[in-house]
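Worksheet for the structure shown next.
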Amino acid sequence: MGKIIYSLAIMILLLLILGCPNHHEDEFRPAEVIGRYGSGLGEFDTPCGIFLERIEGRPHTCLFVADYGNNRIQVRCWEGGDQYSYYAFGSFGKDTGQFDGPISVAVTRADPQNSSIPPPSNPRIYVADSKNHRIQKFDINGNYLLTWGSFGSDSGQFNIPTGIDVDFDGNVFVVDSGNHRIEVFDTLGNFIRMWGKQGSGNQEFNSPIDIVLVF
């Protein structure tokens, strides 16, 4: 558990750094700005979650974005030089493959310490479908594979899942915000364990938002 860093703390730290008067504005200029408001490819409506990962068969990293307001996942892959490819999947609804407030996305991980090791041959995309209180799983092309979870407080249920990440073994860590806890599942959605409850003590939370696994 010492390897788990919560994104909320990271965001607070970044805000403190960016607000420090000893830093100059030009130190924080973005290298690139992607997107604008809209519903076309490369456009967003309230993007919430983001994930970068190496994908087998592509020379560079792909960027996965939970496009919350458009109820979809958008993917932007570097093909080399200034060339990019885009695709998106999802629409508003409660059926499989549809979303109601997709807020976070995670992808089966490659080894960040050794670029000579190829990425997983069958990477999977996991989406925290927040208002449908479930996790959905897709292949790398956005084809629907699996759903688990429903509204509630029992193990394997959710109350507004808001964050998600995956370890090298394919275990899926989900921030169950409304239940003030973290739940862990295997790659097939089988419940493994959970921890946390509402409070301010050790291993207690007050509406946790996101999670990052550090390797």
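The values are calculated or read from the model by the stated rules, or taken from the named source; none is laboratory data. What you see is a predicted model; the values in this text were computed from it and never measured. Note that we place each Cβ from the backbone using ideal geometry, even for glycine, and neighbour counts take in every protein chain shown. Just the protein is used for accessible areas: all its heavy atoms, side chains included, with ligands, DNA and RNA removed. Shrake-Rupley method; radii C 1.70, N 1.55, O 1.52, S 1.80 Å.
How long is the gain from ILE34 to GLN113 if the chain were fully straight, where each residue apart is worth 0.36 nm and the alpha carbon distance is subtracted? Full-extension gain reported as 25.7 nm.
Can you give the helix-only mean residue ellipticity at 222 nm for the chain, where every DSSP H stretch with n ≥ 4 adds -39500 (n - 2.57) and the sum goes over all residues, rounded to the nearest 500 deg cm²/dmol? Display every interim value, and only then the final one.
Details: 1 runs with 12 residues, N = 215.
The helix contribution divided over the chain gives -1500 deg cm²/dmol.
Here the chain is assigned +1 on the Cβ of each Lys and Arg and -1 on the Cβ of each Asp and Glu. Its dipole about the Cα centre then comes out at about 360 debye.
When the chain is described by a simple charge dipole with +1 on each Lys and Arg Cβ and -1 on each Asp and Glu Cβ, the residue from GLY196, ASN122, VAL105 located farthest towards its positive end is GLY196.
Just to check, using Stokes-Einstein with a Kirkwood Rh over alpha carbon pairs, what's the diffusion coefficient of the chain at 20 °C and 1.002 mPa s in µm²/s? Let's see the in-between values first.
Numbers: Rh = 18.1 Å.
This corresponds to a translational diffusion coefficient of 118 µm²/s.
Only protein heavy atoms count here; under a 1.4 Å probe, TYR84 has an accessible surface of about 70 Å². Alpha-carbon geometry of region 35-88: the Rg and the Dmax are 11.2, 31 Å, given in that order.
Taking the Cα centre of region 45-154 as origin and charging only Cβ (+1 Lys, Arg; -1 Asp, Glu), how large is the dipole, in debye to the nearest 20? Spell out each step's value before the answer.
On the way: 10 positive and 12 negative charges, 25 e Å.
Charge dipole of region 45-154: 120 debye, to the nearest 20.
Around PHE168, what is the net charge, scoring Lys/Arg as +1 and Asp/Glu as -1 over all other residues with Cβ under 9 Å from its Cβ? Residues close to PHE168 contribute a combined charge of -2. What's the carbon and sulfur percent of the chain's accessible surface, probe 1.4 angstrom, rounded to a whole number? Answer for the chain: carbon and sulfur cover 52 percent of the accessible area. On the principal axes of its alpha carbon atoms, region 48-144 extends 40, 25, 20 Å, with the longest extent given first. P(r) for region 110-197, from all Cα pairs and a bin width of 5 Å, is 3, 15, 26, 23, 15, 10, 6, 2, 0 %, short bins first.
Neighbours of ASN71 by Cβ distance under 13 Å: Lys/Arg scored +1, Asp/Glu scored -1, total -2. Of the residues PHE158, ILE50, SER39, the one whose Cα sits farthest toward the positive end of the charge dipole of the chain, with +1 on the Cβ of Lys and Arg and -1 on the Cβ of Asp and Glu, is PHE158.
Taking 45 Å as R0, compute the FRET efficiency from the Cβ-Cβ separation of ASN202 and TYR87 and round it to 0.05.
On the way: r = 43 Å, r/R0 = 0.95.
That pair, ASN202 with TYR87, gives E of 0.60.
For the chain, the solvent-accessible area works out to 54 Å² per residue, with a probe of 1.4 Å and every protein chain left in place.
In debye, nearest 20, what is the charge dipole magnitude of region 78-135 about its Cα centre with +1 on Lys and Arg Cβ and -1 on Asp and Glu Cβ, if you could check?
Working: 5 positive and 6 negative charges, 58 e Å.
With only Lys, Arg, Asp and Glu charged at Cβ, the dipole is about 280 debye.
Using the Cβ-Cβ distance between GLU56 and ASP186 with R0 set to 30 Å, the FRET efficiency works out to roughly 0.90.
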